[in-house]
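*Asks:* Starting off with a structure, shown below.
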Amino acid sequence: MQTKTPRRGTIRLTRRGRIALIATGAVAAATAVAVPLLLPDDNARARTLTIPEGWRSGQVYAAVDKALKVPAGTTKKAVPKADLKLPGDAGGNPEGYLFPATYPISSQSTPASVLSYMVNTANEKFSGGHVTAGADRNAVNVYQTVTIASMIEAEAGSKEDMGKVARVIYNRLDRGMPLQMDSTINYALNRSTLATSDRDTKVNSPYNTYARMGLPPTPIGNPGEKAMRAAISPTPGNWLYFVTVKPGETRFTSDFGEHQKNVVEFNRNT
């Protein structure tokens, strides 16, 4: 990916990130995949831990701490010693590989064992031939595909829009255009908001896709299967811009002038 810093345009080129909705747990009910991984002991009734699509690693760690009733920060501290089976590109960072699902837990569960099962589940989901073939078609590797899926999860206004958001990302990469995703800035600033200021777009971070070309260095959350499918098989189209003008209506276009009009409508509705 290119690293040259581009000159920022005057109008954002994508919709504001959806990560704020994810952070509030509004999509928790959408995660219905049950993973029968941790079996309860004979004397304890199974409890479950649900990880919604799009949650960041910090949210996952906090949820594991709460589910296992351990002090805050315990799960995060367990990561370096958990021997997680992560791809080399991850550099030991499990972001993107804490697969969203509903996990049974028991009194024998530990932070390391829960994280390991999440990562192992992600590896099973992401290692199929269709995933590697899709990555090859899109001229990226599997880890980059997971990174793209995490942005799709954060940016798409609906499951139906995911394939189009994926196509915008690939089209912009192919043309050497900065991605300019608000969701990556939210990740850089460790926040969840729908409001991104001009000052925010100048933050010095490798996750600032306004100021830097190419993909962010890691995923910005943990994508589910639908987002991965979109990243592997994006919807055909020539779109370069999208904006959600109002809830339930996201407009995609390849024409910057049309996009400017859509942004005006978006601003009028906010």
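A short reminder: the numbers here are calculations on the coordinates, not readings from a lab. Keep in mind it's a predicted model, so treat the numbers as computed, not measured. Cβ atoms come from the backbone with ideal geometry, glycine included; neighbour counts cover every protein chain shown.
*Asks:* Report the charge-dipole magnitude of the range 160-227 in Debye, nearest 20, computed about the Cα centre from +1 at each Lys and Arg Cβ and -1 at each Asp and Glu Cβ.
*Replies:* Roughly 180 debye for the range 160-227.
*Asks:* Add +1 for every Lys or Arg and -1 for every Asp or Glu among the other residues with Cβ under 9 Å from the Cβ of I220, and state the total.
*Replies:* Here the charged neighbours net out to -1.
*Asks:* Show the residues, 5+ positions off or on another chain, whose built amide H is closer than 5 Å to the amide H of T48.
*Replies:* I105
*Asks:* Something else: Could you order peptides 68-75, 222-229, 206-213 by the average number of other Cβ atoms within 10 Å of their residues, highest first?
*Replies:* Taking the mean over residues of other Cβ atoms within 10 Å, the ranking is 222-229, 206-213, 68-75.
*Asks:* Right, something else. Around P71, with a cut-off of 12 angstrom between Cβ atoms, what is the net charge of the other residues, counting Lys and Arg +1 and Asp and Glu -1?
*Replies:* +3
*Asks:* Each residue of the range 200-211 in order: what ³J(HN,Hα) in whole Hz does its phi give by Karplus 6.51 cos²θ - 1.76 cosθ + 1.60, θ = phi - 60°, with x for Gly and Pro?
*Replies:* Values, residue by residue: 4, 6, 10, 4, 7, 8, x, 8, 7, 7, 7, 8 Hz.
*Asks:* Hey, what did the range 48-108 get for relative contact order, percent, Cα under 8 Å, at least 6 apart?
*Replies:* Relative contact order for the range 48-108 comes out at 51 percent.
*Asks:* Right, next: Output ³J(HN,Hα) for the range 139-144: one whole-Hz value per residue in order, computed from phi by the Karplus curve 6.51 cos²θ - 1.76 cosθ + 1.60 with θ = phi - 60°, and x for Gly and Pro.
*Replies:* Working through the residues one at a time gives 6, 9, 9, 5, 4, 5 Hz.
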